[in-house]
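The values are calculated or read from the model by the stated rules, or taken from the named source; none is laboratory data. Here the structure is a predicted model, which is why all the values come from computation and not from measurement. All Cβ positions, even for glycine, are placed from backbone atoms using ideal geometry, and neighbour counts span all protein chains on display. All accessible areas refer to the heavy atoms of the entire protein, side chains included, with ligands and DNA or RNA removed. Shrake-Rupley method; radii C 1.70, N 1.55, O 1.52, S 1.80 Å.
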Amino acid sequence: MNILKIPAMKRKEYDAFIAHQYMSRIAFKGDYPYVAPFLYVFNGKFIYFLSTKYGKKMELAKSDPKVAVEIENYSSDMSNYRFVTLQGQLNEVDKPSEKLKVRQRFIEMIKKNKLSPNILAALGHSPDDPLESLLEEEKSIVWKLVNVQEIVALKSS
């Protein structure tokens, strides 16, 4: 019996896929795996996340920053799908200029994708706040995925 293997994406293809998407899931280590959704931006080299400063993810990231990040896209009938899983480490970005650039990219991504102002709540802000409040008030943490050990990038065809 022959098993059909799902085709892999090449580096250029999965980089373009990651750049086009903006929603991910991060799996944290704990007594049990903990998975949470995260918006992200990609600068061609690193994936960045904004996170509220509270919640189980904070405790788990502090105890072990090793994570798995999953980004996916699929048609409603599953005839077309793509997904990328990256295993690496979340590091908090401390450099003010880097944080500012990342926050600006988040504003651009939210505008480009016409996301609801309700998304601001997931970033530590009120949905009534202007998007620029992401630059003016640090109610969220900027994380960067580093030390990526493995990338699995597969597609339907």
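Table for the structure above
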read-out: Selected residue [out of contact with any Leu (no Cβ under 7 Å at 6 or more places or on another chain), surrounded by fewer than 14 Cβ atoms within 10 Å (Cβ to Cβ) and touching a residue at least 12 places away in the same chain (Cβ under 8 Å)] from 113, 91; value: 113
read-out: Residue satisfying condition, being touching a Pro at 6+ places or on another chain (Cβ under 8 Å) and modelled with pLDDT of 95 or more, within set 16, 27; value: 27
read-out: First in region 120-145 and at pLDDT 95 or above, second anywhere and of a type in the set (Phe, Trp, Tyr) and surrounded by 14 or more Cβ atoms within 10 Å (Cβ to Cβ), Cβ under 6 Å, 6 or more apart; value: 143/49; 144/46; 144/48
read-out: Residue match in region 5-13 (condition: in contact (Cβ under 8 Å) with a residue 40 or more places away in the chain, of a type in the set (Asp, Glu) and more than 21 Å from residue 124 (Cα to Cα)); value: yes
read-out: Residue among 108, 92, 136, 132 that alone is closer than 29 Å to residue 63 by Cβ and either in contact with a His (Cβ under 9 Å, 6 or more places away or on another chain) or among the acidic types (Asp, Glu) (or both); value: 92
read-out: Qualifying residues in region 38-70 (those that are hydroxyl-bearing (Ser, Thr, Tyr) and touching a residue at least 40 places away in the same chain (Cβ under 8 Å)) - the one nearest to residue 21 (Cα to Cα); value: 48
read-out: In region 72-88, residue surrounded by the fewest Cβ atoms within 10 Å (Cβ to Cβ) [restricted to those that are touching a residue at least 24 places away in the same chain (Cβ under 8 Å) and polar (S, T, N, Q)]; value: 79
read-out: Count of region 1-36 residues which are of a type outside the set (A, V, I, L, M) and either farther than 25 Å from residue 119 by Cα or touching a helix residue (DSSP H, G or I) at 6+ places or on another chain (Cβ under 8 Å) (or both); value: 15
read-out: Index of the failed condition, residue 110 passing every other in (1) farther than 21 Å from residue 20 by Cα; (2) assigned to a helix (DSSP H, G or I); (3) β-branched (Val, Ile, Thr); value: (1)
read-out: Among residues of region 44-65, those that are open to solvent by 70 Å² or more (accessible area, probe 1.4 Å) and not in a helix (DSSP H, G or I), counted; value: 3
read-out: Whichever residue in region 14-37 is hydrophobic (A, V, I, L, M, F, W, C) and free of Cβ contacts under 8 Å to residues at least 24 places away in the same chain and, among such residues, is most open to solvent (accessible area, probe 1.4 Å); value: 35
